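Working notes, structure below.
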Amino acid sequence: LQSHPTRGLTPSKLATILDAAEQGDLTAQFDLFEDMEEKDGHIASEMGKRRRALILDWEITAPDNPSAQEKRNAEQLGELVQSIPDFEDVLFDATDAIGKGFANLEIEWHRDDGFWLAKSITHRPQSWFQLHRGYRQELRLRSNTTDEHGIQGAPLTPFGWITHIHKAKSGYL
């Protein structure tokens, strides 16, 4: 549940939120940006422009001077991607990273005609994730458990996630 950190926001409370984010606890910062985006029409408008800019006509094409195999592969891949339900929503959801630094979308797979295809791709809130404490570029599922190396949180399952990290600046996430 969102805590709406803009309620009663003071310079001291803002400093606490930003300090916690610097230490790897990003949850209040995500909630703060969510509040700002919902309550400020200008921020919402600018974010909407950036996020909808990706929703364009697109196609997958073979490289220059393609072989017959490359042409077939490009055509088949285009068909497979177009078969993903609500693919434009997937692109839009990935842009949630613009204001929050990253966005994660969970992939549910199924087999069809010998191919593994995405059955659904679902945006997951940033509050589900935490940073690896020793390496603040690795996102992990929020958890109280630790792995065999003493690292808190569960690693993301390979091929189970689409992660967009928005590079607004260099450095930690």
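The values are calculated or read from the model by the stated rules, or taken from the named source; none is laboratory data. Predicted, not measured: the structure shown is a model, and the values here were computed from it. Note: ideal-geometry Cβ built from the backbone for every residue, glycine included; neighbour counts use all protein chains shown. Just the protein is used for accessible areas: all its heavy atoms, side chains included, with ligands, DNA and RNA removed. Shrake-Rupley method; radii C 1.70, N 1.55, O 1.52, S 1.80 Å.
Things worth noting here:
- Residue-averaged [θ]222 nm for the chain, counting only DSSP H segments that reach four residues, each worth -39500 (n - 2.57): -11000 deg cm²/dmol
- Here is the list for the range 140-171: trypsin sites (Lys or Arg not before Pro) lying in DSSP coil, each with at most 13 other C-beta atoms within 10 angstrom of its C-beta, are Lys167, Lys169.
- Close amide H contacts of Glu138 (hydrogens built in the peptide plane, cut-off under 5 Å, sequence separation of 5 or more or a different chain): His132.
- For the range 70-123, the spread of Cα positions along each principal axis, largest first, Å: 38, 24, 15
- With a threshold of 32 Å on the Cα-Cα distance, the over-threshold entries among Lys71/Lys100; Lys39/Lys167; Lys39/Lys119; Lys13/Lys119; Lys71/Lys169; Lys49/Lys71 are Lys71/Lys100; Lys39/Lys119; Lys13/Lys119; Lys71/Lys169; Lys49/Lys71.
- Share of carbon and sulfur in the accessible heavy-atom surface of the chain [1.4 Å probe, %]: 53
- The antiparallel fraction among DSSP beta bridges confined to the chain stands at about 100%.
- Of the GluC sites (Glu not before Pro) found in the range 1-74, those in coil by DSSP whose Cβ has at most 16 other Cβ atoms within 10 Å are Glu59.
- Computed on the Cα atoms alone, the convex hull of the chain gives a volume of 175 cubic angstrom per residue.
- With loop membership from DSSP and a limit of 14 other Cβ atoms within 10 Å, the longest segment of the chain without chymotrypsin sites (Phe, Trp or Tyr not before Pro) is 59-158.
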